[in-house]
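Novice: This is the structure, below, for whatever I ask next.
Please treat every number below as a calculation from the coordinates, not as lab data. The model shown is predicted, which means the values in this text are computed figures rather than measured ones. Cβ placement follows ideal geometry from the backbone for every residue including glycine, while neighbour counts extend to all protein chains displayed.
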Amino acid sequence: MNQIGLFSAPARWSTTFEVGPDALVTHHRDWCQSREFDSFTGADWGQREFQAPGGSVIPMPRLEAFHGDPGLLYTYSRITHHAKPWTPNLAWLRDEVRKFTSIPFNAVFCNRYRNGDDSIGWHADDESSLGPSWPDDIAIASVSVGAPRTFHLRNKADHARKITLSLGNGDLLLMQGSVQRDWEHCVPKTKKQIGERINLTFRLVKPLVA
C-alpha cells in the first residue's frame with residue numbers, strides 16, 4: 001500500500017474520441033481506486049477572486065491549488081499562480097500519471113468542488129505557457145477523486161459538436177493534440193445533492209526564460 005491510499009490499476013474500460021485530425025480525448029474509467037478521499041488535503045487550497053462581466057469582483061466558485069517544479073508560473077484569467085512544492089501525495093500520483101501516459105508532466109492544477117454549487121465555466125486550457133507544442137499539442141491529464149461530476153466538451157466553432165461524460169472516482173481523462181486549440185470544456189453547477197470532488201489536472205508548463 002502506498003502512502004496516500006491510491007493505487008494504479010489497469011483501466012477497466014477506456015474509450016477514445018477522435019475530435020479532430022490530431023485531437024484525441026481518452027476516458028480511462030477506474031484508472032485508479034481511491035481509498036482515502038482526504039489524501040489530497042495537503043494541497044495548498046485557496047479561493048481566489050476574479051473580475052466578472054460588468055466589473056464586479058467575486059470569489060471563484062471552487063477551491064484551487066497549483067503545485068509543480070520549482071519556479072513555474074501559470075497565468076489564466078489574469079491571475080498568476082506560483083507553483084507550490086510537490087507534496088509527497090501529489091508527487092507520487094504525478095509519477096504514476098507520467099508512467100501511464102509517457103508524458104513528463106511538471107505541474108498540476110487542482111480544483112476542489114465542494115458541492116453542486118461549485119463549478120467551472122466554458123474555457124480551454126490554451127495558454128501559451130502550456131505544451132508540449134503550443135497551440136497544436138497541449139497535453140492535459142485529469143484525475144478525478146470523489147463524487148462523480150458531469151463534464152462537457154464542445155467545439156469552439158460549432159457548439160452542436162458536443163461530448164458529455166460522467167467523470168467518476170478514479171477516472172483519468174487525457175486530452176492531447178489540438179483539443180485545447182479547437183475545443184472548450186466545463187463542469188456545470190448541479191442541483192443534485194452530491195459530495196466533494198477533487199480534480200487534478202497534470203500539465204506541461206514551460207519554464208520562464210530569463
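Novice: Viscosity 0.890 mPa s, temperature 25 °C: Stokes-Einstein D of the stretch 75-126 from its Kirkwood Cα radius, in µm² per second?
Specialist: Result for D is 182 µm²/s.
Novice: Considering only ILE138, ILE198, ILE79, give the residue with the highest GNM mean-square fluctuation for the chain, with springs between Cα atoms whenever their separation is below 10 Å.
Specialist: ILE79
Novice: Of PHE105, GLN47, PRO21, which is farthest along the charge dipole of the chain in the positive direction, counting Lys and Arg as +1 and Asp and Glu as -1 at C-beta?
Specialist: In the chain, that residue is GLN47.
Novice: Quick check on the chain: helices-only [θ] at 222 nm, where DSSP H runs of length 4 and up contribute -39,500 (n - 2.57) each and the sum goes over total residues. Nearest 500, please.
Specialist: It lands at -2500 deg cm²/dmol.
Novice: Oh, and also: Counting only other residues whose beta carbon sits under 12 Å from that of SER133, what net charge do I get with K and R as +1, D and E as -1?
Specialist: That sum, taken over residues with Cβ under 12 Å, equals -1.
Novice: Which value, in debye to the nearest 20, describes the size of the charge dipole of the chain about its Cα centre when Lys and Arg Cβ atoms bear +1, Asp and Glu Cβ atoms bear -1, and nothing else is charged?
Specialist: Charge dipole of the chain: 440 debye, to the nearest 20.
Novice: Hey, another quick one. What would the Debye formula give as log10 I(q)/I(0) at q = 0.15, 0.16 Å⁻¹ for the alpha-carbon point model of the chain, no solvent?
Specialist: Each listed q maps to, in turn, -0.99, -1.15.
Novice: Turning to a different aspect of this structure: Place a +1 charge on the Cβ of each Lys and Arg in the stretch 20-122 and a -1 charge on the Cβ of each Asp and Glu, then give the dipole magnitude about the Cα centre in debye, rounded to the nearest 20.
Specialist: Computed charge dipole of the stretch 20-122: roughly 60 debye.
Novice: Among TYR74, LEU167, LEU90, pick out the residue whose Cα is farthest towards the positive end of the charge dipole of the chain, where Lys and Arg carry +1 and Asp and Glu carry -1 on C-beta, about the Cα centre.
Specialist: LEU167
Novice: Here's another thing I want to ask about it. Using amide H atoms built 1.01 Å from N in the peptide plane, name the residues 5+ places from ARG161, or on other chains, whose amide H lies under 5 Å from its own.
Specialist: ASN155
Novice: Å³ per residue of the Cα convex hull, for the stretch 141-210?
Specialist: In the stretch 141-210, the Cα convex hull volume per residue is 123 Å³.
Novice: Could you work out the per residue convex hull volume over the alpha carbons of the stretch 90-163, in cubic angstrom?
Specialist: Per residue, the Cα convex hull of the stretch 90-163 comes to 132 Å³.
Novice: Could you please report the charge total around ASN106, scoring K, R as +1 and D, E as -1 over all other residues with beta-carbon less than 10 angstrom from its beta-carbon?
Specialist: Neighbourhood net charge equals +3.
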